[in-house]
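Right, one structure below, let's go through it.
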Amino acid sequence: MHQKRQKIGKFCLHLFIIAFGLAMIYPVLWMVTGSLKNNSEILTGSLNLIPPAWRWDNFTIGWKGFGGISFGRFFANSMIVTSLSTLGTVLSSACVAYAFTRINFKFKSFWFAVMLATMMIPGQIILIPQYIIYNKLGMVGTYIPLVLPHWFGQAFFIYQMVQFMVSIPKELDEAAYMDGCTKYSIFTKIIFPLLKPAIVTTIIIQFYWKWDDFMGPLIYLNKPKSYTVSLALKMFADSSSRTDFGAMFAMSTVSLLPVFIIFLIFNKYLVEGISTSGLKG
């Protein structure tokens with residue numbers, strides 16, 4: 001009787017998980033199937049996931065882009081901005097986290113608290129002052145305002161890496177000192193390789209955030225040739241003329257591929273622990 005109740009409980013649990021999972025991915029499935037429909041089919045048959053006719057030409061139309069600028073250009077722009085921002089976030093956040101965990105300096109606790117406090121400030125508050133600064137420096141219209149801030153550390157990822165670093169035994173540092181290593185070589189040869197789980201997490205999250213960023217490119221980019229994917233998708237919705245929902249959904253579907261590939265590549269590293277990855281054999 002007890003085993004029968006356990007089986008029923010497991011069945012109900014799995015049924016709930018499957019139903020919840022389907023509810024979560026339904027909007028994505030609706031977008032993917034919508035990329036194979038025309039406007040009338042999207043607007044009138046929104047509950048039907050299966051298209052009456054598979055319209056692959058939506059991808060061709062969407063990839064042509066606008067004004068002679070193909071969607072490939074927008075993808076390249078997004079890849080440049082996202083890759084540079086992610087690289088800067090990983091390197092700068094790791095360096096700052098190393099300073100907070102391994103180097104003693106005056107008012108370290110105070111500056112760490114200040115760093116944490118910056119996470120409570122909405123980005124919209126500093127948007128206008130930042131724009132004024134970049135405008136006076138003549139950087140508006142370039143990718144510099146979108147990339148440069150990420151090369152000076154991000155509070156969320158600094159805190160995350162600090163939590164990983166405090167778990168690394170300091171005996172490793174002491175042994176390296178005995179072998180004649182400097183703080184720089186300890187960081188590059190010992191600490192940084194052991195941060196692989198934190199680095200992978202940072203790469204995935206930061207790549208997602210920057211790839212989907214709409215407000216930043218909207219504020220700082222003023223030429224269509226420099227637009228990122230998020231801005232290019234908005235160009236499909238024209239308030240003064242006909243909106244091509246099929247092409248918009250088609251390019252939205254294609255825009256999911258980079259983040260999906262990044263997740264597939266780095267997902268296996270998320271479950272690795274620092275102790276097992278650094279102290280093997």
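Give me the 1.4 Å probe accessible area per residue for segment 59-139, excluding ligands and nucleic acids, in Å². The partial results should precede the final answer.
On the way: 4840 Å² over 81 residues.
Accessible area per residue, segment 59-139: 60 Å².
With a Förster radius of 30 Å, plug the Cβ-Cβ distance of residue 25 and residue 222 into 1/(1 + (r/R0)^6) and report the FRET value to the nearest 0.05.
Details: r = 36 Å, r/R0 = 1.21.
Calculated transfer efficiency: 0.25.
Students sometimes get this wrong: rank 80, 205 by accessible area, probe 1.4 Å, all chains present, largest first. Don't jump to the answer; show the numbers that get you there.
Numbers: 80 85, 205 45 Å².
Reading off the accessible areas and sorting them downward yields 80, 205.
As I understand it, the value is the acute angle between the Cα axis of helix 108-117 and the longest principal axis of the Cα atoms of the chain; what does it come to in degrees, rounded to 10?
Approximately 10 degrees, to the nearest ten.
Going by the alpha-carbon gyration tensor, a ≥ b ≥ c the square roots of its eigenvalues, is segment 153-219 rounded (a/c under 1.5) or, if a/c is not under 1.5, prolate (a/b greater than b/c) versus oblate?
Cα axes put segment 153-219 in the prolate bin.
Residues of segment 134-177 with the amide nitrogen closer than 16 Å to a label point 7 Å from the Cα of residue 108, along Cα-to-Cβ, please.
Residues passing the 16 Å test: 159, 161-174.
With a point put 7 Å past each Cα toward its Cβ, work out how far residue 32 is from residue 260 in nm, to one decimal.
It is 0.5 nm.
Got a number for the accessible area of residue 182? Probe 1.4 Å, square angstrom, nearest 10.
Counting only protein heavy atoms, residue 182 exposes about 80 Å² to solvent.
Can you order the peptides 210-221, 254-265, 123-134 by their average number of other Cβ atoms within 10 Å per residue, highest first? Working shown, then result.
Values: 210-221: 18.1, 254-265: 13.7, 123-134: 12.2.
Top of the packing list down: 210-221, 254-265, 123-134.
Rank 55, 102 by accessible area, highest first, at a 1.4 Å probe radius? Write out the running numbers ahead of the final one.
Details: 55 80, 102 35 Å².
If we order 55, 102 from most to least accessible, we get 55, 102.
Report relative contact order for the chain in percent, whole number only (criteria: Cα-Cα under 8 Å, sequence separation at least 6). Mind showing how you got there, number by number?
On the way: 257 pairs, mean separation 83.8, N = 281.
Once divided by the residue count of the chain, the mean separation gives 30 percent.
Once R0 is set to 25 Å, what does the formula 1/(1 + (r/R0)^6) return for the Cβ-Cβ distance between residue 163 and residue 87, expressed as a FRET efficiency to the nearest 0.05?
Numbers: r = 22 Å, r/R0 = 0.87.
For R0 = 25 Å, the calculated efficiency reads 0.70.
Does the chain classify as rounded, prolate or oblate by the C-alpha gyration tensor (a ≥ b ≥ c root eigenvalues; a/c under 1.5 gives rounded; else a/b over b/c gives prolate, otherwise oblate)?
Working: a/c = 2.47, a/b = 1.34, b/c = 1.85.
Judged from the Cα gyration tensor, the chain comes out oblate (a/c at least 1.5, b/c at or above a/b).
Putting +1 on Lys and Arg Cβ atoms and -1 on Asp and Glu Cβ atoms, find which of 120, 17, 34 reaches farthest to the positive end of the dipole of segment 2-121.
Most positive-ward Cα: 17.
Give the ranking of 177, 227 by solvent-accessible surface, highest area first, calculated with a 1.4 Å probe.
Final ranking, largest accessible area leading: 177, 227.
How much of residue 209 can a 1.4 Å solvent probe reach, expressed as accessible area in Å² and rounded to 10?
140
How big is the accessible area of residue 95 in square angstrom, nearest 10, if you roll a 1.4 angstrom probe over the protein chains?
The value for residue 95 is about 70 Å².
Tell me the mean residue ellipticity at 222 nm calculated for the chain from its helices only (DSSP H runs of n ≥ 4, each -39500 (n - 2.57), averaged over every residue, nearest 500).
Numbers: 15 runs with 185 residues, N = 281.
Computed mean residue ellipticity for the chain: -20500 deg cm²/dmol.
When only C-alpha pairs under 8 Å and at least 6 residues apart count, what is the relative contact order of segment 117-227, in percent? Don't skip to the answer; put the middle values down first.
Details: 39 pairs, mean separation 46.6, N = 111.
Averaging sequence separation for qualifying contacts and normalising by length gives 42 percent for segment 117-227.
Here are some pairs, 136/210; 196/234; 170/196; 106/189; 37/64; 136/223; which of them have Cα atoms lying more than 29 Å apart in this structure? Before the final figure, lay out the partial values.
Numbers: 136/210 24 Å; 196/234 36 Å; 170/196 18 Å; 106/189 26 Å; 37/64 18 Å; 136/223 19 Å.
Violating the 29 Å limit, Cα to Cα: 196/234.
Can you tell me the dipole magnitude for the chain around its Cα centre, using point charges on the Cβ only (Lys, Arg +1; Asp, Glu -1), in Debye to the nearest 20?
Dipole magnitude for the chain comes out near 320 debye.
If a paramagnetic tag sat 7 Å from the Cα of residue 60 along the Cα-Cβ line, which residues of segment 27-42 would have the backbone N under 16 Å from that point?
Residues 36-38 qualify, since their backbone N sits under 16 Å from the label point.
By its C-alpha gyration tensor, with a ≥ b ≥ c as the square roots of the eigenvalues, how is segment 1-92 shaped: rounded for a/c under 1.5, else prolate for a/b larger than b/c, else oblate? Intermediate values should be presented prior to the final figure.
Numbers: a/c = 4.99, a/b = 1.46, b/c = 3.41.
It is oblate, given that a/c is not under 1.5 and a/b is not larger than b/c.
The values are calculated or read from the model by the stated rules, or taken from the named source; none is laboratory data. Just so it is clear, the structure is predicted and the values come from calculations on it, not from any experiment. We place every Cβ from the backbone using ideal geometry, glycine too, and count neighbours over all the protein chains shown. What goes into the accessible areas is simple: the full protein's heavy atoms, side chains included, and nothing from ligands, DNA or RNA. Shrake-Rupley method; radii C 1.70, N 1.55, O 1.52, S 1.80 Å.
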